[in-house]
Amino acid sequence: MKQASVMMPDDADAAGCVVYRYDDDGRVLMLLIHDRYGRWTLPKGHRNDSESVEQAAVREVHEETGLTGELGAPIGTITYTVRKKGVPYRKRVTFFLMRTTSASATPEAAEGISAAEWVTPGDAQERAGYEKVRDIIARAATLIPPQT
């Protein structure tokens, strides 16, 4: 499996989280959102000039899903090319772990999110619509501690 390229978080112009919780049986569940392009992915978005990548990650999760939680370790940073006003540029997104105790995620249509679902880490990897996001999910799965 190809690993996402990793940079220092300050290099990122966007941030997001692998949001997870434990179900009643102590199993890990991860949150996937259905984006405006019709793919399952992780909550993420732009970083405002005045905020850290950690603050951006927390804000974006809340804006896209209504969830809050405890921000954890950085997982990694992915890069990919996007077009802004017809001009290509490299976008860098740093992902963090975020633990929540809430099972109630509300997809925010105004943010282009049409659905939010809790799935097992294996299902998250299979359903994610972007290869680099699958790499982040795989790495996150190794960092999440078992419930105690």
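Computed from the coordinates by the stated procedures, all read-outs in this text should not be read as laboratory data. All figures in this text were calculated on a predicted structure; none of them were measured in a lab. Heads up, the Cβs are rebuilt from the backbone with ideal geometry, glycines too, and the neighbour counts pull from every protein chain shown.
Assorted remarks:
- Counting every pair of alpha carbons in the chain, the share spaced more than 17 Å apart comes to 58 percent.
- Residue order, fewest to most surrounding Cβ atoms within 10 angstrom, among 106, 142, 94, 65: 142, 106, 65, 94
- Backbone HN-Hα couplings from phi across region 95-101 [Karplus 6.51/-1.76/1.60, Hz, Gly and Pro as x]: 10, 10, 6, 9, 9, 10, 9
- Here 104, 50, 114 are placed in order of increasing Cβ neighbour count within 10 Å, fewest first, which gives 50, 104, 114.
- Nearest 10 degrees, 0 to 90: helix 53-65 Cα axis against the chain principal axis: 70
- Annotation: amide H of residue 17 within the under-5 Å range of 96, sequence separation 5 or more or interchain, hydrogens built in the peptide plane.
- The length gained by stretching the chain between residue 131 and residue 46 to full extension, at 0.36 nm per residue less their Cα-Cα distance, is 28.6 nm.
- In the chain, a dipole from Cβ-located charges (positive for Lys and Arg, negative for Asp and Glu) runs towards its positive end, and of 14, 96, 86 it is 86 whose Cα lies farthest in that direction.
- Virtual paramagnetic centre 7 Å along Cα→Cβ of residue 23, amide N under 14 Å, in region 120-148: 120-124
- Ranking 45, 121, 30 by how far each Cα lies toward the positive end of the dipole of region 9-143 (charges on Cβ) leaves 45 at the top.
- Mean residue ellipticity (222 nm) of the chain, computed from DSSP H runs ≥ 4 via -39,500 (n - 2.57), nearest 500: -6500 deg cm²/dmol
- Region 79-144: C-alpha gyration tensor shape, a/c 1.5 cut-off, then a/b vs b/c: oblate
- Positive contributions from Lys and Arg (+1) and negative ones from Asp and Glu (-1), summed over other residues with Cβ under 11 Å from the Cβ of residue 105, come out at -2.
- On the basis of the beta-carbon distance and an R0 of 35 Å, residue 91 and residue 68 show a calculated FRET efficiency of 0.90.
- Fewest-first sequence of 84, 91 by Cβ atoms within 10 Å of each Cβ: 84, 91
- Total formal charge among the other residues, if their Cβ is under 12 angstrom from that of residue 72, Lys/Arg +1 and Asp/Glu -1: -1
- Cα centre as origin, Lys/Arg/Asp/Glu Cβ charges: the chain dipole, Debye: 660
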